[in-house]
Every structure is written in C-alpha cells, then in structure tokens.
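The values are calculated or read from the model by the stated rules, or taken from the named source; none is laboratory data. Bear in mind that the values here come from a model prediction, so they are computed numbers and not experimental data. All Cβ positions, even for glycine, are placed from backbone atoms using ideal geometry, and neighbour counts span all protein chains on display. Quick note on the areas: whole protein, heavy atoms, side chains included, nothing else; ligands and nucleic acids left out. Shrake-Rupley method; radii C 1.70, N 1.55, O 1.52, S 1.80 Å.
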Amino acid sequence: METVTLSLPEAYALAMRALSANGFNEDHAAAVARNVTGGERDGCASHGLWRLLGIVDTLRKGKVSPDAAFSLLAFERALPLLVEKARRSGIAALAINRCVHFSALFADIEPLTDAGLVGLACTPGHAWVAPAGGSLPLFGTNPVAFGWPRGDKPPFIFDMATSVAAR
C-alpha cells in the first residue's frame, strides 16, 4: 500500500470535500474540518482525518443534522462571548446541549489558553465502560481536559478519558 503524506491545508481541503459531498453545510463542515485537521496537526490521529468515517456515518444514520448537532460549530460561535465574559467577570461557563461531541477536548482548551485564560472542559458519554470489578457498562469515557497559559512557554494542556482506553 502506498503512503500518502498531506500538508495541513491539503488535509483540511480533503475533510471539507468529504463533508460537503455528504451533505454538511459549509459552516458545519468547516468547523469539523478544522477540528480533525487540528488532530492531525497535534499528532492525534485517532481524532484526525480517521474520524471523518464516523462523522459521515453518524449523519447518514440520522443522528445529526447536516447544519448542526456536532458541538464544534456551537463552541466556535460561543467562544468570543465566553472569552469576553471570563475577562469581565473573572469566570464564565458554557454548556452546549442537544449535540454530539466526538473530538478530543484539547481542541476546546487551546483557544482558551491562546486567549490567556485557564480552561476546563468535560463531556458525558454513553455507558461503554464497566466499573472496576463489574461486567456491565455503566460509565462513559467521560473525558476531561484543562489547561492554562504559561507566559513565554507553550500552554499546559491536559486531556484524558476516565477509562483505561477511549472506547
């Protein structure tokens, strides 16, 4: 099998073509494409282009709308107000409901640390994981991420699932 190496702009263009060809509107496709390209950029292939297969499958199964339902576009649109409120009040919270979150949470923390803020992100999940000693799934992977800027150093960002493996 031949190996193909894509630049980040080529990866983004590929994601946009795949999403657009499958019915996602431009804004929704762009938000998802930015996210999976960010996964590739950061060496997180499990949250990179590979995710497009599941994303398109989720749309085809009718679990999301082609113009909404993944959390990424809602987060991007709410981010400026979240940053403004955090700067003005010292703390702010954002809850996105009735959506599907599929990406690594570091993508939600990076823009906050880039804005000079501390960030904390979490998301619930379906019951995929059995508790210690159990045999039936009870918990989701319930990822959590946090980060903070460090002046002239790159920000500290931590992202993990609370299970041994992310599904």
Going through the range 1-48 in order, the residues found to be at pLDDT 95 or above, closer than 14 Å to F106 by Cβ and hydrophobic (A, V, I, L, M, F, W, C) are V36
Quick test of your reading of the structure: G90 fulfils all but one of (1) more than 20 Å from G151 (Cα to Cα); (2) without any contact (Cβ under 8 Å) to a residue 24 or more places away in the chain. Name the failing condition by number.
(1)
Selection from the range 108-148 of residues at pLDDT below 85, within 27 Å of R34 (Cβ to Cβ) and open to solvent by 30 Å² or more (accessible area, probe 1.4 Å) yields P124, G125, H126, W128, N142
If the requirement is being within 21 Å of D108 (Cα to Cα) and touching a Phe, Trp or Tyr at 6+ places or on another chain (Cβ under 7 Å), which of these qualifies: R51, R88?
R51
H101 of a type outside the set (D, E), open to solvent by 30 Å² or more (accessible area, probe 1.4 Å) and within 30 Å of F146 (Cβ to Cβ):
yes
Out of the residues in the range 50-79 that are among the aliphatic types (A, V, I, L, M), without any contact (Cβ under 8 Å) to a residue 40 or more places away in the chain and within 18 Å of R17 (Cβ to Cβ), state the one that is surrounded by the most Cβ atoms within 10 Å (Cβ to Cβ).
L59
So which residues in the range 149-167 are open to solvent by less than 100 Å² (accessible area, probe 1.4 Å), modelled with pLDDT of 90 or more and either assigned to a loop (DSSP other than H, G, I, E, B) or on the phi > 0 side of the Ramachandran plot (or both), if there are any at all?
G151
Those residues of the range 30-49 which are open to solvent by 40 Å² or more (accessible area, probe 1.4 Å) and without any contact (Cβ under 8 Å) to a residue 60 or more places away in the chain, in sequence order:
R34, E40, R41, G43, A45
A93: open to solvent by less than 80 Å² (accessible area, probe 1.4 Å), out of contact with any Ser or Thr (no Cβ under 8 Å at 6 or more places or on another chain) and of a type in the set (G, A, S), yes or no?
no
Could you tell me whether the range 17-27 includes any residue that is farther than 19 Å from H101 by Cα, of a type outside the set (G, A, S) and without any contact (Cβ under 8 Å) to a residue 12 or more places away in the chain?
yes
